[in-house]
Amino acid sequence: MKLLFVADPLASFKIAKDTTFAMMREAQQRGHALAVCTPQGLSWQQGLRVQARVQDIALTGQADDWFSAQPERLAALADFDAVLMRKDPPFDSEYFYATHLLEQAEREGARVFNRPRALRDHPEKLAVMEFPQLIGPTLVTRSSADIRAFHAQHQDIILKPLDGMGGMGIFRVKADGLNLGSIIETLNRDGAQSVMVQKFLPEIAQGDKRVLIIGGQAVPYCLARIPQGNEVRGNLAAGGLGVAQPLSARDQEIANAIGPVLQQRGLLLAGVDVIGGCVTEINVTSPTCFQEITQQTGCNVASLFADALEAAVRGA
């Protein structure tokens, strides 16, 4: 197959842990041809198909100069067997516009994973609203009064912006309410921005689990991201320790409820975050943790993904 990865610049990759790199490595080992572009390279002109400025690449197996690239060329997305949207968050206006270009490419015959419309329809924090039976006490609001009432009820809460990533902008407020007013002002900007508020789950001490769902099925191991020191966040980007472990019965129950729904909508890969048996986020833009799970368990997650991708392309 000819694969096009829409991603951040390759120079920014940390290949020791990067999931997109793991996908590329597995694909090349299977004999698939690799090409890359950034979202900035996408374009459409009346009378033409959606195009991208792409580079054909090959992985070298070296730690430093880890890829070789051919000169940039223009190519129609529909000429690839699969297009993988792997641009990291944030999901900003330009990401949103990129999904529209990718959806036009779909109308022209391109096969895009995850599907652009599904990416737009599943903001990673708000997606949990569809599964209220699987989440803990949660509030989404612009109202400072609502946030104060939620704190009064639950005493120990987490506040976070809807467009954050990697644990960015997450605050914990305990029963004493210390700095609650200042945190509300910072996050909701006098009612201009919505805020997600959740009851603090003390089980975070055992880890914020990333449960990967590929082709509607759960990977048999998750990565528990355990906060370190006085940190409340388990995110790896915030210094959390990643510990791979088999799925619990509750993890599997959650995957069984969410996985088929996501697959039906064209979400080939998703990362469901679980704390204390409660879903906190459903990540669909650029889910990670392939390499950490593989290195610790021997379960080749990239191979599971490649199997699902090949099956999806054959079935298209």
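Being of a type outside the set (Ser, Thr, Tyr), touching a strand residue (DSSP E or B) at 6+ places or on another chain (Cβ under 7 Å) and not assigned by TED's automatic domain parsing to the domain that holds PHE13 is true for just one of LEU84, LEU162. Which residue is that? The unique qualifying residue is LEU162. On the stretch given as segment 53-86, residues that are under 16 Å from HIS32 (Cβ atoms), touching a helix residue (DSSP H, G or I) at 6+ places or on another chain (Cβ under 9 Å) and of a type in the set (Asp, Glu) total 1. When segment 149-173 is filtered for residues that are modelled with pLDDT of 95 or more, assigned to a loop (DSSP other than H, G, I, E, B) and either at positive phi or aromatic (Phe, Trp, Tyr) (or both), only GLN155 remains. Screening the candidates PHE67, PHE96, PHE91 for the property of being within 30 Å of GLY164 (Cα to Cα) and either surrounded by fewer than 14 Cβ atoms within 10 Å (Cβ to Cβ) or at pLDDT 95 or above (or both) yields one hit, PHE96.
Tallying residues that are touching a strand residue (DSSP E or B) at 6+ places or on another chain (Cβ under 9 Å) and in a helix (DSSP H, G or I) within segment 243-255 yields 5. Exactly one residue out of ILE258, ILE293 is in contact with a Leu (Cβ under 8 Å, 6 or more places away or on another chain), within 26 Å of PRO137 (Cβ to Cβ) and assigned to a helix (DSSP H, G or I): that is ILE258. Residues in segment 155-179 that are over 25 Å from ALA237 (Cβ atoms) and either of a type in the set (Asp, Glu) or buried (at least 18 other Cβ atoms within 10 Å of the Cβ) (or both): ASP176 only. Condition (residue is of a type in the set (A, V, I, L, M), within 28 Å of ILE293 (Cβ to Cβ) and under 26 Å from the mean Cα position of the chain (by Cα)) applied to segment 180-187: is it met by at least one residue? No, because not a single residue in segment 180-187 is of a type in the set (A, V, I, L, M), within 28 Å of ILE293 (Cβ to Cβ) and under 26 Å from the mean Cα position of the chain (by Cα). In this structure, is ASP176 modelled with pLDDT under 95, assigned to a loop (DSSP other than H, G, I, E, B) and not β-branched (Val, Ile, Thr)? Criteria not met by ASP176.
Can you find even one residue in segment 216-229 that is part of a strand (DSSP E or B), buried (at least 16 other Cβ atoms within 10 Å of the Cβ), of a type in the set (Ser, Thr, Tyr) and at negative phi? Yes; the residues of segment 216-229 include at least one that is part of a strand (DSSP E or B), buried (at least 16 other Cβ atoms within 10 Å of the Cβ), of a type in the set (Ser, Thr, Tyr) and at negative phi.
Of all the residues in segment 1-20, those that are under 15 Å from the mean Cα position of the chain (by Cα) and either at positive phi or part of a helix (DSSP H, G or I) (or both) number 2. Across segment 53-98, the qualifying residues are those that are acidic (Asp, Glu) and not in a strand (DSSP E or B), and the one among them that is nearest to ALA27 (Cα to Cα) is ASP81. Is it the case that segment 106-113 has a residue that's within 18 Å of GLU281 (Cβ to Cβ) and either in a loop (DSSP other than H, G, I, E, B) or touching a residue at least 24 places away in the same chain (Cβ under 8 Å) (or both)? Checked against the condition, which is being within 18 Å of GLU281 (Cβ to Cβ) and either in a loop (DSSP other than H, G, I, E, B) or touching a residue at least 24 places away in the same chain (Cβ under 8 Å) (or both), segment 106-113 yields no hits at all.
Residues in segment 21-52 that are surrounded by fewer than 21 Cβ atoms within 10 Å (Cβ to Cβ) and either in a loop (DSSP other than H, G, I, E, B) or modelled with pLDDT under 95 (or both): ARG30, GLY31, HIS32, THR38, TRP44, GLN45, GLN46, GLY47, LEU48, ARG49. Residues in segment 114-148 that are modelled with pLDDT of 95 or more and part of a loop (DSSP other than H, G, I, E, B) were compared, and the one that is farthest from ASN256 (Cα to Cα) is SER143.
The values are calculated or read from the model by the stated rules, or taken from the named source; none is laboratory data. Because the structure is predicted, anything quoted here is derived from the model rather than measured. All Cβ positions, even for glycine, are placed from backbone atoms using ideal geometry, and neighbour counts span all protein chains on display.
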